[in-house]
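These notes concern the structure reproduced below.
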Amino acid sequence: MKRIAWTFAALASFAASAAPSASDDEQAIRNVEKTLCEAIRAGDADTISRLEDETYTLTTSSGEVTTRADDIADAKKGTVRYSEFRNHDSKIRLYGDAAIVTGITSLAGESDGKSFALDVAFTDTYVRRPDGWKIAASHASRLGKK
């Protein structure tokens with residue numbers, strides 16, 4: 001009986017040490033957010049494809065709903081050129097294999113020959129997949145002109 005109890009205790013201890021901590025998950029999500037922002041800024045379609053879940057949708061500040069395929073196509077076209085695409089003031093709430101991130105995205109660049117600069121409040125939903133955290137949904141609300 002003692003042997004069974006010791007084995008169970010050892011397995012429980014190992015499982016607890018092998019499980020990612022909340023701070024590990026938060027850091028992983030922050031890394032995905034930062035890498036994804038840089039990929040969008042740079043027009044890196046491969047990285048966008050890797051970090052956005054296949055089910056990804058974005059509801060824009062104008063109410064348009066776009067998909068992962070739209071983001072990949074836009075990155076390949078390069079019609080929007082970002083000089084800034086940066087998330088900040090982010091807060092992360094973890095719910096097991098899901099997470100919600102809220103914050104502000106500062107955007108600047110050029111689209112169709114016209115310059116733009118704005119801030120949007122965002123809500124991003126993440127899901128844990130076998131290959132890591134993926135963004136599954138996002139919503140943006142325009143905060144006004146910079």
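The values are calculated or read from the model by the stated rules, or taken from the named source; none is laboratory data. If you're wondering where the values come from, they're calculated on a predicted model, not measured in any experiment. In this analysis, Cβ positions are derived from the backbone assuming ideal geometry, glycine residues included, and neighbour counts consider all displayed protein chains. When the accessible area is computed, the model is the full protein with side chains, heavy atoms only, and any ligands, DNA or RNA have been set aside. Shrake-Rupley method; radii C 1.70, N 1.55, O 1.52, S 1.80 Å.
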Regression test value, accessible area per residue of region 52-94, probe 1.4 Å, units Å², expected 65 Å²
With R₀ set to 35 angstrom, the calculated FRET efficiency between the beta-carbons of residue 118 and residue 21, to the nearest 0.05, is 0.45
With label points set 7 Å from each Cα along the Cα-to-Cβ direction at residue 127 and residue 67, the distance between them in nm comes to 1.5 nm
Taking a crude spin-label model, label points 7 Å out from Cα along the C-beta direction, the residue 42 to residue 60 distance in nm is 2.4 nm
Mean shadow area (nm²) of the C-alpha convex hull around region 74-146 is 5.9 nm²
With the convex hull built on the alpha-carbon atoms of region 13-146, volume per residue in Å³ sits at 102 Å³
Two pseudo-spin positions, 7 Å from Cα along C-beta at residue 98 and at residue 53, lie apart in nanometres by 0.8 nm
